[in-house]
Amino acid sequence: MDSQEFKHLGYEMIDWIADYLENGYQEGPVFPNVAPGNTLAQLPANPPQYPEPGSALFNDFKSIIVPGLTHWNDPRFFGYFPCNNSAPSVLAELLAAGVGVNTFSWITSPAATELEIRMMEWLGQMIGLEWKGVIQDTASSATLCALLSAREAMTGINFTGFAGQNQTLRVYVSDQTHSSVLKAGRVAGFGDANVVTLKTDASCTMNPQLLEDAFKADLAQGLTPCFVVATVGTTSSTAIDPVEAIAEICKRYGVWLHVDAALAGTAALLPEMRWLMTGVPQADSFLFNPHKWMFTNFDCCAYFCKDPLALKKAMALTPEYLKTQHDLAAENLRDWGLQLGRRFRALKLWFVIRSYGVEGLQQKIRLHLQMAKEFATLIGTHSHFHLIQEPVLNTVCFKLDTDALGEALLAAVNASGEAFLTHTRIEGCYVIRVSFGQTGAKVEDVARLWATLNRCL
Ligand code: PLP
């Protein structure tokens, strides 16, 4: 592709993206009505031997790929959680791809490293947390970093290895904690058997008393409490664990507390929602995902730690070929995570935060919270819909008279292509979740979704 073709095609693609961002996928359903293998059948089995024109690539993108996508950024998408993007974020991603830098050391791109440091400071101010931080790809990776930091702080295992260990380390979660913690436990060598899952009640939150009881029971058996995860905004129902009470117990027992606010952290940008951060300063690590609800393209997880040295103790490793003369004066962000090669993610945060301003971001988040409340009110008016809880965040959970009716409604809505919803189970019941948070969301979307639900019932 020569420079002329690149420019021509680039302008055309930007036009296409601009329309997509403004209107969503108007040509078809928000959720593709395709069977497994449908896209595969349209792709040649072998790579092309000779160059193809850029126009062919773009046309095939539009005709083969786009109709097979689930349109996460369409205003009709209410599934899982938002994974929203925005024009400034897309442009920053384009520029980051254009300059194609790798940000593992300060010297591999000084401006990228320093922009990342400053963006984490900005994010910290925006949610009221004074810790230092780093951008990780996902919450899953950030949680693994937290667990490895806790493990290293307690054992020094990086040097001794497992063979030198004579203690069994334990992790504590609730039955609502995201599965990434269990996976981190496997990767870090704890094993499923050493992840203690505390049962929740109808509130879906961790019971601090059960946590302390579990510590005591484990200690009595010679097991070592090491790591607790509290969640602010659980995946199923956006429940909020009592972080302050959990932190107090963890502190008393010398156990690392990690707070996962992957979705809900963004809501703490609002002064009226800042209470979500209560207790977080007493924890040891914290994460939230701007790639979920802060208009920043996937991937971008903001990971904060009270003691960066604990993270670096677990992660830093400097072979000869990576040593530089600036190592004492500058941060090498590879020391703050698992990867060596790192994407230039700070640029999209810089563009998003400056383009909206904190106030602009707050207005959007407030709108999403208002939409959730309005939708919950509508649910309350229907005799066959039953609200699980008044929404505090952006997600509304409701059930129907029976599980079968709920399943049928969800299937009908998704097949209609007029909306996309997902489900969970709460206290054994099939529950439909509606998650608000699109960048281009409008209050009218609530009425449109309500009409779709009633049509599909
Ligand atoms: N933690 C919570 C509370 C989540 O809701 C999710 C995503 O659903 C995750 C962690 C995992 O996020 P990621 O995809 O960034 O690893």
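The values are calculated or read from the model by the stated rules, or taken from the named source; none is laboratory data. None of the values given here were measured: they were computed from a predicted structure. Please note: Cβ atoms are built from the backbone with ideal geometry, for glycine as well, and neighbour counts cover all protein chains shown.
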| said: When the residues of the range 175-189 are narrowed to those that are within 13 Å of the ligand (Cβ to nearest atom) and part of a loop (DSSP other than H, G, I, E, B), which ends up farthest from Ala261 (Cα to Cα)? | reply: Gln176
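Modelled with pLDDT under 95, touching a Ser or Thr at 6+ places or on another chain (Cβ under 9 Å) and not small (Gly, Ala, Ser): which single residue out of Gln165, Gln176 fits that description? So that I can check it myself, show each step before the final result.
Values: Gln176 fails: modelled with pLDDT under 95.
None of the others qualify; the one that does is Gln165.
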| Residue under evaluation Thr235, criteria (1) of a type outside the set (Phe, Trp, Tyr); (2) within 11 Å of the ligand (Cβ to nearest atom); (3) surrounded by fewer than 22 Cβ atoms within 10 Å (Cβ to Cβ); (4) over 24 Å from Thr439 (Cα atoms), criterion not met | (4)
| request: For residues that are surrounded by 15 or more Cβ atoms within 10 Å (Cβ to Cβ) and of a type outside the set (Ser, Thr, Tyr), scanning just the range 190-204, find the one that is nearest to the ligand (Cβ to nearest atom). | output: Cys204
| Leading residue by the ranking (farthest from Glu244 (Cα to Cα)) among those in the range 299-314 that are within 13 Å of the ligand (Cβ to nearest atom) and in a loop (DSSP other than H, G, I, E, B) | Asp299
| Output for the range 55-100, where each listed residue is aliphatic (A, V, I, L, M), closer than 23 Å to Val352 by Cα and in contact (Cβ under 8 Å) with a residue 40 or more places away in the chain | Ala87, Val90, Leu91, Ala92, Leu95, Ala96, Val99
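Condition first: of a type in the set (Ser, Thr, Tyr) and either in contact (Cβ under 8 Å) with a residue 60 or more places away in the chain or within 14 Å of the ligand (Cβ to nearest atom) (or both). Now tell me which residues in the range 101-146 satisfy that.
At the first step, the residues of the range 101-146 found to be of a type in the set (Ser, Thr, Tyr) are 103, 105, 108-109, 113, 138, 140-141, 143.
Answer for the range 101-146, where residues must be of a type in the set (Ser, Thr, Tyr) and either in contact (Cβ under 8 Å) with a residue 60 or more places away in the chain or within 14 Å of the ligand (Cβ to nearest atom) (or both): Thr103, Ser105, Ser109, Thr113, Thr138, Ser140, Ser141, Thr143.
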| How many residues are touching a Gly at 6+ places or on another chain (Cβ under 8 Å), of a type outside the set (Gly, Ala, Ser), within 16 Å of the ligand (Cβ to nearest atom) and in contact (Cβ under 8 Å) with a residue 60 or more places away in the chain when one looks only at the range 258-298? | 8
| query | In the range 17-44, how many are hydroxyl-bearing (Ser, Thr, Tyr) and at pLDDT 95 or above? | reply | 2
| Among (1) touching a helix residue (DSSP H, G or I) at 6+ places or on another chain (Cβ under 9 Å); (2) closer than 23 Å to Leu269 by Cβ; (3) surrounded by fewer than 24 Cβ atoms within 10 Å (Cβ to Cβ); (4) not hydroxyl-bearing (Ser, Thr, Tyr) - the single one Gly341 does not satisfy | (2)
